[in-house]
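Here the structure is laid out as structure tokens; the discussion comes afterwards.
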Amino acid sequence: MAALLLNTTGTNNTANGRVALEFNTTGNFNTASGVEALEHNTIGTDNTANGVDALDNNTTGSGNTALGV
């Protein structure tokens, strides 16, 4: 359980927080800041999530911005 744990070929991603972008594999240009922010993203690109659980359930969506708690 770590930020960007499963990243394989995704590039230009930034993750800060417990399990932020944990399941990202090939998604690019994502920014996640906060516990579980963008946690389930796998291939989505150009997403920005800031705050607890922001865009937590996004998996393949792109171009999203969300603020969590």
Taking first residues from region 1-18 that are touching a residue at least 60 places away in the same chain (Cβ under 8 Å) and farther than 16 Å from THR42 by Cβ and second residues anywhere that are of a type in the set (Gly, Ala, Ser) and in a loop (DSSP other than H, G, I, E, B), the pairs with Cβ under 8 Å that are 6 or more apart or on different chains are none
Just a yes or no: is a residue in region 48-68 aliphatic (A, V, I, L, M), surrounded by fewer than 24 Cβ atoms within 10 Å (Cβ to Cβ) and under 10 Å from the mean Cα position of the chain (by Cα)? no
State all residues of region 27-61 that are of a type in the set (S, T, N, Q) and out of contact with any strand residue (DSSP E or B) (no Cβ under 6 Å at 6 or more places or on another chain); if no residue qualifies, say none. ASN28, ASN30, ASN41, THR42, THR45, ASN47, ASN57, ASN58, THR59, THR60
Close pairs from region 39-62: first in a loop (DSSP other than H, G, I, E, B), partner modelled with pLDDT under 95, Cβ under 7 Å, at least 6 apart: GLY51/GLY68; GLY51/VAL69; VAL52/GLY68; VAL52/VAL69; ASP53/GLY68; ASP53/VAL69; ALA54/GLY68
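The values are calculated or read from the model by the stated rules, or taken from the named source; none is laboratory data. Predicted, not measured: the structure shown is a model, and the values here were computed from it. Note: ideal-geometry Cβ built from the backbone for every residue, glycine included; neighbour counts use all protein chains shown.
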